[in-house]
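First the structure, in the form of structure tokens, and then the observations on it.
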Amino acid sequence: MERRLLALHAHPDDESSKGAATVARYVADGVRAVLVTATGGEAGDILNPALEGKISQSDLPGVRQAELAAAAAIIGFEDVELLGYRDSGMPGSEDNARAEALCNQDFDEVLGRVVEIVRGFRPQVVLGYDNHEWYPHPDHLFVHRITVELATAAADPSRYPDAGQPWQVSRVFAPAFTADRFVALHEAMLEKVGESPFDWVLERIEAAEPNAEARRIMRIDAAGYVEQGRDALRAHRTQIDPDGRWFAVPTSLVEEVYPWEDFEIIDEFVPTTEASGDFFEGIV
Ligand SMILES: [Zn+2]
């Protein structure tokens, strides 16, 4: 069976900060992967001190598109589909009020466009977003709503009849930032380096923990692919400070202490268990 995976993300760089090592691992193992990115990330600030003042805000969309293409190639996505909506920014911002902002689009229309891509590529596995309680960016919440509806809509012949032959996705997952992961890395950093960059993350993760018990988390072994994921993230040169917190934990320590990426099981049409550790297990 040809295995296919579709990853749906809100902004350029999300594909590199959420599950990149896992996708790289699957691609290396022969899985075909396609990336769908909903917005151009126009509301992003330039977060790399080395590039501040060197790129104008009006050039940013083109720069971010080039960064995205480079990152996607590093991860191994064979194709990048840009939905072309505008980054919604945070509530109350000027970006948030713009008509082209993703958050101001008709939900069913956006869903229909993603359904068409799913019916064309026919992935068994879709990666989307969880409810993002800990980072309620409007575009991430929009992608979460799409994630929850997508498999059912793509399989239903009565919905979007002009968007191709119905296709039943087998499983939908969402990259998850779990307390387990951050606690493991936090403690390893305190022990081996003497300081940890994760105090702020722990507070936010723990604030979102009330539903942790209800979440079904599958750990995927990404050992050997952590650095490749980081290379993809570094390709987003305007968005990522190469000396910043994303890279504060040495790759060798991540590989030693927590070489997994965590994914919440969002939807399953071929049953699975958290313990299987493989998106495609049992899909024929
Ligand atoms: Zn994002």
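Karplus-derived 3J(HN,Hα) values for the stretch 103-120, using 6.51 cos²θ - 1.76 cosθ + 1.60 with θ = phi - 60°, are 5, 9, 8, 6, 4, 5, 5, 5, 4, x, 5, 6, 4, 4, 5, 4, 5, x Hz; glycine and proline are entered as x. Other residues with beta-carbon under 13 Å from the beta-carbon of R32 carry, at +1 per Lys or Arg and -1 per Asp or Glu, a net charge of -1.
Each Lys or Arg adds one and each Asp or Glu subtracts one; over the other residues with Cβ under 11 Å from the Cβ of S196, this totals -2. Counted by Cβ distance under 10 Å from Y129, the other residues give a net charge of -2, where Lys and Arg count +1 and Asp and Glu count -1.
Over the Cα atoms of the stretch 80-236, the radius of gyration divided by the Kirkwood radius equals 1.02; this is the Rg/Rh ratio. The distance between label points at E227 and E2 comes to 3.3 nm (points 7 Å beyond Cα on the Cα→Cβ vector).
DSSP assigns beta bridges within the chain; of those with both partners inside it, close to 40 percent run antiparallel. In terms of other Cβ atoms within 10 Å, S56, S88 run from fewest to most in the order S56, S88. Along the charge dipole of the stretch 1-148, pointing to its positive end and built from +1/-1 on Cβ of Lys, Arg, Asp and Glu, which listed residue (S56, Y85, T22) has its Cα farthest out? Checked the options; the winner is T22. Shape index of the stretch 208-277: Rg/Rh, with Rg the Cα radius of gyration and Rh the Kirkwood radius from the inverse mean 1/r over Cα pairs, equals 1.06. Summary of packing: across the peptides 219-227, 9-17, the per-residue average of other C-beta atoms within 10 Å ranks them, highest first, as 9-17, 219-227. Principal semi-axes of the equivalent ellipsoid, √(5λ) from the alpha carbon gyration tensor of the chain, are 28, 24, 18 Å from largest down.
Look at the Cα gyration tensor of the stretch 43-137: its axes a ≥ b ≥ c give a/c of at least 1.5 with a/b at or below b/c, and that counts as oblate. Model label points for F107 and A69, set 7 angstrom from Cα along the Cα-to-Cβ axis, are 3.5 nm apart.
Taken together, the values in this text are just the output of simple stated rules run on the coordinates, not laboratory data. Predicted, not measured: the structure shown is a model, and the values here were computed from it. Every residue, glycine among them, receives a Cβ derived from its backbone with ideal geometry; neighbour counts consider all protein chains shown.
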